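Here the structure is laid out as structure tokens; the discussion comes afterwards.
The values are calculated or read from the model by the stated rules, or taken from the named source; none is laboratory data. No experiment lies behind these values; they were computed from the predicted model shown. All Cβ positions, even for glycine, are placed from backbone atoms using ideal geometry, and neighbour counts span all protein chains on display. Quick note on the areas: whole protein, heavy atoms, side chains included, nothing else; ligands and nucleic acids left out. Shrake-Rupley method; radii C 1.70, N 1.55, O 1.52, S 1.80 Å.
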Amino acid sequence: MRSIFDLTNKVALITGGGGLLGPKHAEAILDFGGTVILADHHVDKVEEKAQYLNQKYGLGSAKGIYMDVTSPESISKAIENIDKVDILINNAAKDPKVKKDAGLTIETRFENMTPDFWKEGIDAALNGTFFCSQAISNIMLKNGKGVILNISSDLGVIAPDQRIYKKEGFPENEQNVKPITYSAAKWGVIGITKYLAVYFAKKNIRVNCLSPTGVFNDHPTDFVEKLSNIIPMGRMAEIDEYKGAIVFLCSEASSYMTGENMIIDGGKTVW
Ligand SMILES: NC(=O)c1ccc[n+]([C@@H]2O[C@H](COP(=O)([O-])OP(=O)(O)OC[C@H]3O[C@@H](n4cnc5c(N)ncnc54)[C@H](O)[C@@H]3O)[C@@H](O)[C@H]2O)c1
């Protein structure tokens, strides 16, 4: 019996495919029979991930391409020989993260933020989602169907709790914060989702959004503890825990769903 989750013959283009979660979204698509194009402005990273996926799923499963999602010219060039995209996952973003050796800085504070930081901070997630949706939906419209899946964040529906980024023993003006750019971009991505869902509702193109919360990736222990404390399930997400949602949202299993934002956060936004 054919499964409603089946993605055989479906081609998915995943932006930001060279990062942490992009290749996991790719595995979800590949596990259910589709093929993937990983797009990133770090072409070396997508080529490496595509090579790994081709070894794991068979030659021809994955391709890595250069694309700067903030540039309509770069997107046009990247897709000039592509005439079939069934699924677009707008996943690229500048996501300032907490890391052991680097990450957030006081540059990210609202009162210090430069116009360039602001513009760069919203560019990939917000402008990239717009530019890629515009270019790829034209392919989908020609083919009469498609799925656009935008990636937002729990921080697309709530404000960051800056207490989890706090460094003990530093005055307030030296505290690192999650920047306002991330909120602006991620709330905006949900707005784009709802707008396009209605715009394309009768064109057989569904547009939804997935909002994850923090994925554990070797973060400092005190940060993991502070974040886990504001999550009802008491832990960060494991890297594979969004794959089920990707398959659901990209397949016929969600055929009557459009304009929705699926929040997967261990209950964080419920508290
Ligand atoms: N990792 C998390 O904990 C988490 C939590 C919530 C939401 N998210 C969201 O999930 C998505 C993926 O997150 P991630 O952790 O894999 O991030 P990541 O930083 O590891 O990967 C993002 C990728 O986007 C690419 N990118 C950035 N600007 C680009 C541009 N202009 N053109 C093309 N590619 C560009 C980067 O090169 C990178 O490979 C992001 O939208 C992020 O905001 C992640």
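Annotations for the structure displayed:
- Other residues lying with their Cβ under 14 Å from the Cβ of Gly16 contribute a combined charge of +2, Lys and Arg counting +1, Asp and Glu -1.
- Simple label model, 7 Å out from Cα along Cβ direction - Val157 to Thr8, nm: 3.5 nm
- Relative contact order for segment 1-86: 27 percent, from Cα pairs under 8 Å spaced at least 6 residues apart, divided by residue count.
- Antiparallel bridge percentage (DSSP; both residues within the chain; nearest 5): 5 percent
- Packing-based ranking, highest mean first, of 197-206, 247-256 given that Cβ atoms within 10 Å are counted: 247-256, 197-206
- Computed [θ] at 222 nm, deg cm²/dmol, the chain (DSSP H ≥ 4; -39,500 (n - 2.57); rounded to nearest 500): -10500 deg cm²/dmol
- When all protein chains stay in place and ligands, DNA and RNA are ignored, the 1.4 Å accessible-area order of Glu47, Glu168, largest first, is Glu168, Glu47.
- Relative packing of 126-136, 186-196, which averages over residues the other C-beta atoms within 10 Å, highest first: 126-136, 186-196
- Each peptide in 48-57, 5-14 gets a packing score, the mean of other Cβ atoms within 10 Å over its residues, and the list from highest to lowest is 5-14, 48-57.
- With a threshold of 18 Å on the Cα-Cα distance, the over-threshold entries among Lys97/Lys166; Lys24/Lys142; Lys186/Lys268; Lys24/Lys145 are Lys24/Lys142; Lys24/Lys145.
- Per-residue ³J(HN,Hα) for segment 69-80, Karplus 6.51 cos²θ - 1.76 cosθ + 1.60, θ = phi - 60°, Hz, x for Gly and Pro: 5, 8, 10, x, 5, 5, 5, 4, 5, 5, 9, 4
- Kirkwood-type radius of segment 58-161, with distances r between different C-alpha atoms, in Å: 15.9 Å
- Inverse mean reciprocal Cα-Cα distance (Kirkwood Rh) of the chain, Å: 19.1 Å
- Surface share of carbon and sulfur [accessible, 1.4 angstrom probe, percent] for segment 11-270: 54 percent
- Length-normalised contact order for the chain - Cα pairs under 8 Å, 6+ apart - percent: 20 percent
- For segment 120-242, the Kirkwood hydrodynamic radius comes to 16.4 Å, computed from all pairs of different C-alpha atoms.
- Distance histogram in 5 Å bins (all Cα pairs of segment 44-113, percent per bin): 3, 12, 13, 19, 17, 12, 11, 7, 4, 1, 0
- Spin-label pair Tyr195/His42, simplified geometry with 7 Å Cα→Cβ offset, distance in nm: 2.9 nm
- Per-q log10 I(q)/I(0), segment 10-63, q = 0.13, 0.21 Å⁻¹ (Debye; single scatterer per alpha-carbon; no solvent): -0.22, -0.60
- Taking a sphere under 14 Å around the Cβ of Gly146 and counting the other residues whose Cβ falls inside, with K and R at +1 and D and E at -1, yields a net charge of +4.
- Net lengthening on full extension, Leu59/Lys84 (0.36 nm per residue, minus Cα-Cα): 7.1 nm
- Residues of segment 249-271 with an amide N closer than 14 Å to a point placed 7 Å from the Cα of Met233 along the Cα-to-Cβ direction: 263-271.
- Inter-probe distance in nm under a simple model that places probes 7 Å from Cα toward Cβ, at Phe110 and Asn143: 4.3 nm
- Database remark: amide H of Val177 closer than 5 angstrom to the amide H of Thr105, Thr108, Arg109 (H placed geometrically; neighbours at sequence offset of 5 or more, or on other chains; Pro and chain starts carry no H).
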